[in-house]
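Before any comments, here is the structure.
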Amino acid sequence: MKCPYCDSPLLEDSPACPRCGLTLEKAGAFFGTVPRLLRGVSDAAGVLKAGDIRRLKGAIGKFERRFPQAGFTVAFMPLPEGTPGPTYTYWVFNRCNPAGELHQGSENRHIFLLVDTAGGDARLTVGYGLEPFIGTQHLRPCLEKAQGLFAAGDYTAGVIALLEELEVTLRAVVAELPRTFGLQRIETTPGAAEPEGAEAW
């Protein structure tokens, strides 16, 4: 992982960034009160109608059924001008933990989208359990799919477009996992028993 403020390499259990000294406590002292964050959809900005929330919850539910190991939450917030978006997103995600108390550290496979309705920006971050597999190069195209819609104020369509691209991305990541871990497909003849303890890919 990388520090959300200075972009330096950072270990999961590092108490502070070795370069800039960022900690969750220091971020909290700067940002102040932790916002209320609901799992699924949080609309502190008040930009969604009831129908929009239903559509987004439906799209998120569909995504989570296809990827049951992962979770997804989107929050719409009007951030004050000058707020460092990546750092704030990291702080909110870690302080509020929409994945739930039982999913900490490497067990956190949640994906968090923060849409700044005041600045027109959006940020994606993932839990520690996904970081070894999903990086900036995977998240950037998902944000690009939604950015124009967010800029136009079509927040619901933007999130749905992002989720569709995210699904494509995750399927590609899953397809590459055997190669990532150096696993090879085990060829067997029809009707032959699989070697004990082996898994075919």
Quiz prompt | Residues 138, 110 arranged by fewest to most Cβ contacts within 10 Å | solution = 138, 110
Quiz prompt | Average projection area in nm² (convex hull over Cα atoms of segment 24-180, one quarter of hull surface) | solution = 9.1
Quiz item: For residue 121, which sequence-distant residues (separation of 5 or more, or a different chain) have an amide H within less than 5 Å of its own amide H, given hydrogens modelled in the peptide plane?
Solution: 116
Quiz prompt | Full-extension gain in nm, residue 47 to residue 173, via 0.36 nm per residue minus C-alpha separation | solution = 42.1 nm
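Any read-out appearing in this document is the output of simple, stated calculations on the displayed coordinates, not a laboratory observation. Since the structure is predicted, the reported quantities are computational estimates derived from the model, not experimental observations. Here Cβ is always computed from backbone atoms with ideal geometry, including for glycine, and neighbour counts include all displayed protein chains.
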